[in-house]
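A short worksheet on the structure shown next.
The values are calculated or read from the model by the stated rules, or taken from the named source; none is laboratory data. This one's a predicted model, so the numbers in the text were calculated from it and none came from an experiment. With ideal geometry, Cβ positions are generated from the backbone for all residues, glycine too; neighbour counts draw on all protein chains shown.
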Amino acid sequence: MAFCRHVFRMFFSTCLVIYIMFGAEIYNVEAEDLGSANIRTVTRNEELFDAQYPMVYGLASEAAQDLINTDIDKYVQKFYTSVEDAGSKGKLRYYIYKNANNTLSMALKIENNTMDKKKTVTTYGLNYNLTTGKTIDLSNYYNKEAVLNRAQDGLKYVYKLEKEKTLLYPDNYYIDTDDNVIAVYHSGDIADKALGEIEVDLTAADETRAKETTAADKLEKLEEGSIVGTEVRLRAQPGLNTKILGVLQDGELVRLGKQQMADGLSWTYVARKNNDVGWVATQYCKRTSESFPANNAEKCLITGEDVRMRSEPNVNADVLDLFVKGENVELLDKVNANDRDWCKVKRNNGNIGWVAAEYCQTEK
């Protein structure tokens with residue numbers, strides 16, 4: 001397969017469809033420009049194999065590109081092995097869910113016919129950083145306990161499944177276009193009579209609990225703050241393409257709540273004085289508690305690789321983003337929480353979050 005990838009990279013930049021024959025095997029490859037990464041579809045249809053799988057090309061880093069394609073190839077080889085072992089025709093398909101903001105997220109779905117003519121379906125969620133080529137682990141978003149809680153709430157809410165049937169850790173997931181994390185379960189592990197795959201939006205658990213909380217309760221928990229910027233848009237949901245509910249002015253006093261990532265930006269839940277609520281890009285939000293004089297601002301240096309920026313000073317808090325090693329940030333606050341020191345920092349793009357103090361070195 002490594003040889004195939006080398007041949008594909010040399011010949012397919014100018015062709016959309018090409019056939020390459022190796023012995024009796026025929027590969028049909030179609031190229032498509034799709035988002036941040038270009039995708040080629042490799043098709044193989046023979047007596048036992050009905051396969052369509054992706055190949056990434058055109059990335060700035062060839063090393064990252066090779067890492068991604070090598071990882072995808074592992075799952076393709078699993079498919080070939082399972083088909084050969086079963087001795088009956090299998091089907092492989094792929095689905096791209098997100099290909100933007102430096103993230104490529106997809107799912108490979110494998111269908112096999114067993115000896116007793118029953119169909120088994122296996123889905124693999126594959127998620128990659130397009131700069132490094134590294135896989136994006138589910139722990140980048142939630143720790144195991146948080147995932148279990150969200151998954152159980154989501155399964156119970158969406159599929160009405162009893163809690164004792166949902167005590168499984170979803171290590172299989174993909175990221176959709178709204179940056180929601182979708183866990184994929186194999187139905188036999190969840191519900192005896194369910195068919196196909198069970199997919200649960202792990203972020204839906206927050207929305208479910210929110211519906212059970214009154215608007216007044218939600219507003220009481222918000223912090224005082226203000227808007228920094230003119231004609232700042234208030235949106236119905238996090239994201240650049242969501243509905244605009246209104247426009248906020250520079251210096252307008254608001255109340256600020258939780259943050260969420262969408263379209264590569266951090267968004268903050270905002271309530272106006274008239275209790276209209278929505279989402280604003282975090283870079284335009286300033287919490288009153290963060291109003292430190294600029295000349296007193298202390299600078300810090302991030303000292304680790306892929307250091308997590310969290311919404312709260314807690315290892316169980318949601319991950320808002322990852323810092324880059326050597327990144328300069330502004331120190332806003334220091335606290336000790338849960339037997340660990342934390343730094344509240346502001347990035348150059350205005351995003352604010354918490355980082356473990358051992359990864360935040362004060363500049364001399």
List the number of the failed condition for Gln237; all other conditions in (1) surrounded by fewer than 18 Cβ atoms within 10 Å (Cβ to Cβ); (2) touching a Pro at 6+ places or on another chain (Cβ under 6 Å) hold. (2)
Cβ-Cβ below 8 Å, separation at least six or inter-chain, first residue in the stretch 102-113 and in contact (Cβ under 8 Å) with a residue 60 or more places away in the chain and of a type in the set (A, V, I, L, M), second buried (at least 20 other Cβ atoms within 10 Å of the Cβ) and outside any strand (DSSP E or B): which pairs? Leu104/Ala37; Leu104/Ile68; Leu104/Leu130
Of all residues being surrounded by 15 or more Cβ atoms within 10 Å (Cβ to Cβ) and over 14 Å from Leu126 (Cβ atoms) in the stretch 72-86, which is modelled with the highest pLDDT? Just the residue, please. Tyr80
I'm trying to understand the selection: among the residues of the stretch 79-96, which are in contact with a Leu (Cβ under 9 Å, 6 or more places away or on another chain) and not hydroxyl-bearing (Ser, Thr, Tyr)? Phe79, Val83, Glu84, Ala86, Gly87, Lys89, Gly90, Leu92, Arg93, Ile96
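Thr268 - would you say it is crowded, with 19+ Cβ neighbours inside 10 Å and either assigned to a strand (DSSP E or B) or at pLDDT below 80 (or both)?
yes
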Has the stretch 282-293 got at least one residue that is in a strand (DSSP E or B), modelled with pLDDT of 80 or more, surrounded by fewer than 16 Cβ atoms within 10 Å (Cβ to Cβ) and not basic (Lys, Arg)? no
Is it the case that Leu234 is in a strand (DSSP E or B) and touching a Cys at 6+ places or on another chain (Cβ under 7 Å)? no
